[in-house]
Amino acid sequence: MARAWSLKARPQGMPKHTDFAMIDLDQSTLGAGEVRIANRWLSVDPYMRGRMNDVKSYVPPFALGEAMQGGAVGEVVESNDDGIKVGDMVLHMAGWRDEAVVPAAQVQKLPALDVPAQAFLGQLGMPGMTGYFGLLQVAEAKAGDTVFVSAAAGAVGSTVVQVAKAKGMTVIGSAGGAEKCAWVKSLGADAVIDYKSDVPVVKALGQAAPKGIDVYFDNVGGEHLDAALAHANMHARFAVCGMIDVYNSGAATQLKYLARLIGNRIQIRGFIVSDYMNRAEEFYKDMGGMLAAGTLKRQETVHEGLETMPDAFLGLFSGGNTGKMLVKV
Ligand SMILES: NC(=O)c1ccc[n+]([C@@H]2O[C@H](COP(=O)([O-])OP(=O)(O)OC[C@H]3O[C@@H](n4cnc5c(N)ncnc54)[C@H](OP(=O)(O)O)[C@@H]3O)[C@@H](O)[C@H]2O)c1
């Protein structure tokens with residue numbers, strides 16, 4: 001019998017282990033056009049916190065008591081579809097479970113790039129695409145720009161750092177703690193801010209970017225966003241990707257420097273990665289080239305076993321990951 005995690009209760013603030021429950025899935029028969037997948041790798045992502053609230057958003061909330069969804073990579077073990085064979089490795093959205101039965105139309109064979117399968121949940125998958133298109137399309141970053149990126153040791157942020165360096169930009173990252181900051185520096189960042197140190201981000205950014213920043217890639221919101229506003233140059237562009245600082249608290253962000261938008265003609269744009277899914281080929285081609293050239297480094301933080309899904313998910317909010325947070329089934 002397949003097993004899956006379900007949401008038992010909608011979390012208030014930081015989710016608790018008691019908000020999750022394991023359920024059995026009865027999926028013994030395979031319908032026409034369906035495939036059965038033994039999941040090998042499961043993704044936990046910050047956006048899943050939003051799906052735990054019963055509010056209208058760009059993705060529907062998780063239904064209480066039912067199997068949760070999320071990115072997953074697995075091996076096809078049974079197929080009722082001519083295009084998908086037993087043994088194929090595929091990417092799909094029926095995660096949070098050890099075995100999935102889904103229509104073949106909802107799975108994607110892994111692109112032919114020389115990386116391990118789990119990379120398609122991270123740097124070569126949704127988070128990587130988010131960093132890539134957020135930087136180059138949403139923020140319109142170009143060679144010569146000074147880019148500031150928060151959560152720079154995470155899945156999206158570490159991609160932004162490396163793509164920006166590969167494209168000739170100066171990069172300042174921010175991350176929590178000396179070890180993560182050293183890793184971000186090893187990716188090529190010109191300067192790294194430890195936002196957990198005693199120095200306020202606004203002061204540290206002023207020291208790291210004495211000539212100001214042209215681009216801010218926001219993964220965090222709050223104090224980071226305000227510091228970026230404080231040091232934004234004329235015509236700076238902000239790509240607002242995420243605001244993990246407020247996902248659990250829901251607190252209003254105080255922005256002391258917001259009015260700098262006006263005089264400095266700063267552009268702020270939010271985006272969702274799905275806006276760029278139709279450009280996946282372009283992403284694989286360019287990232288594939290950087291991979292082949294040895295420009296991209298990748299790191300994963302791996303939890304072992306389906307039982308550890310809630311731990312892995314909760315770890316995203318306490319900095320438990322360097323690079324992409326994954327669960328190996
Ligand atoms: N718009 C989109 O389509 C899209 C798509 C994917 C992701 N996102 C967003 O992008 C951001 C990064 O996602 P990801 O998947 O790459 O996650 P991630 O960065 O791999 O993991 C989350 C990291 O955020 C940092 N963090 C947690 N709470 C924080 C806080 N209060 N202040 C500062 N940093 C904090 C932690 O690193 P430290 O140890 O450094 O604190 C943690 O490791 C999230 O906001 C996510 O929602 C948006």
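The values are calculated or read from the model by the stated rules, or taken from the named source; none is laboratory data. Quick caveat: nothing in here was measured; it's all calculated off a predicted structure. No Cβ is skipped: glycine too gets one built from the backbone with ideal geometry, and neighbour counts run over all protein chains shown. Surface areas here come from the heavy atoms of the whole protein model, side chains and all, with no ligands, DNA or RNA. Shrake-Rupley method; radii C 1.70, N 1.55, O 1.52, S 1.80 Å.
From the list V192, V149, V201, V163, the lone residue that is open to solvent by 10 Å² or more (accessible area, probe 1.4 Å) and hydrophobic (A, V, I, L, M, F, W, C) is V192.
Figure legend. Inter-residue proximity from the range 64-79: first residues farther than 17 Å from F120 by Cα, second residues of a type in the set (F, W, Y) and surrounded by 14 or more Cβ atoms within 10 Å (Cβ to Cβ), beta-carbon distance below 7 Å, spacing 6+ or different chains. Indicated pairs: A67/W96; M68/W5; M68/F62; M68/W96. Taking first residues from the range 304-325 that are assigned to a loop (DSSP other than H, G, I, E, B) and of a type in the set (F, W, Y) and partners that are at pLDDT below 95 and within 14 Å of the ligand (Cβ to nearest atom), the Cβ contacts under 7 Å between residues at least 6 apart in sequence or on separate chains come to F317/N248. For the range 161-270, the helices (runs of 4 or more DSSP H) that sit wholly inside it and include 2 or more residues that are closer than 30 Å to R10 by Cα are 222-230. Within the range 36-75, the only residue that satisfies the criterion of being part of a strand (DSSP E or B) and of a type in the set (F, W, Y) is W41. Just to verify a result, which residue in the range 252-269, among those that are surrounded by 13 or more Cβ atoms within 10 Å (Cβ to Cβ) and either among the polar types (S, T, N, Q) or within 16 Å of the ligand (Cβ to nearest atom) (or both), is nearest to the chain's Cα centre (by Cα)? By that ranking, first place goes to R269.
Scanning the range 14-35 for residues that are open to solvent by less than 30 Å² (accessible area, probe 1.4 Å), part of a loop (DSSP other than H, G, I, E, B) and over 22 Å from A105 (Cβ atoms) returns a single hit, P15. Taking the range 278-304 as the range and being within 30 Å of D245 (Cβ to Cβ) and either among the small types (G, A, S) or within 16 Å of the ligand (Cβ to nearest atom) (or both) as the test, the residues that pass are R279, A280, F283, M287, L296, K297, R298, Q299, E300, T301, V302, H303.
Selection within the range 80-101: residues that are without any contact (Cβ under 8 Å) to a residue 40 or more places away in the chain and within 19 Å of the chain's Cα centre (by Cα). The member of this set that is surrounded by the fewest Cβ atoms within 10 Å (Cβ to Cβ) is M93. Residues in the range 223-244 that are open to solvent by 10 Å² or more (accessible area, probe 1.4 Å), in contact (Cβ under 8 Å) with a residue 40 or more places away in the chain, among the aliphatic types (A, V, I, L, M) and touching a helix residue (DSSP H, G or I) at 6+ places or on another chain (Cβ under 8 Å): none.
Of all residues in the range 121-141, exactly one satisfies the criterion of being assigned to a loop (DSSP other than H, G, I, E, B) and within 15 Å of I172 (Cα to Cα), namely A141. Note on the range 286-325: residues that are open to solvent by 40 Å² or more (accessible area, probe 1.4 Å), at pLDDT 95 or above and over 24 Å from G173 (Cβ atoms) total 4.
Here the range 166-183 is the region considered, the condition is being among the charged types (D, E, K, R) and buried (at least 17 other Cβ atoms within 10 Å of the Cβ), and the residue that is nearest to E223 (Cα to Cα) is K180.
Put simply, of V77, V86, V73, V55 the only residue that is touching a helix residue (DSSP H, G or I) at 6+ places or on another chain (Cβ under 7 Å) and of a type in the set (V, I, T) is V73.
Scanning the range 1-13 for residues that are open to solvent by less than 20 Å² (accessible area, probe 1.4 Å) and assigned to a strand (DSSP E or B) turns up A2, A4, S6, L7.
On the stretch given as the range 246-276, residues that are under 20 Å from D54 (Cα atoms), at pLDDT below 95 and not hydroxyl-bearing (S, T, Y) total 5.
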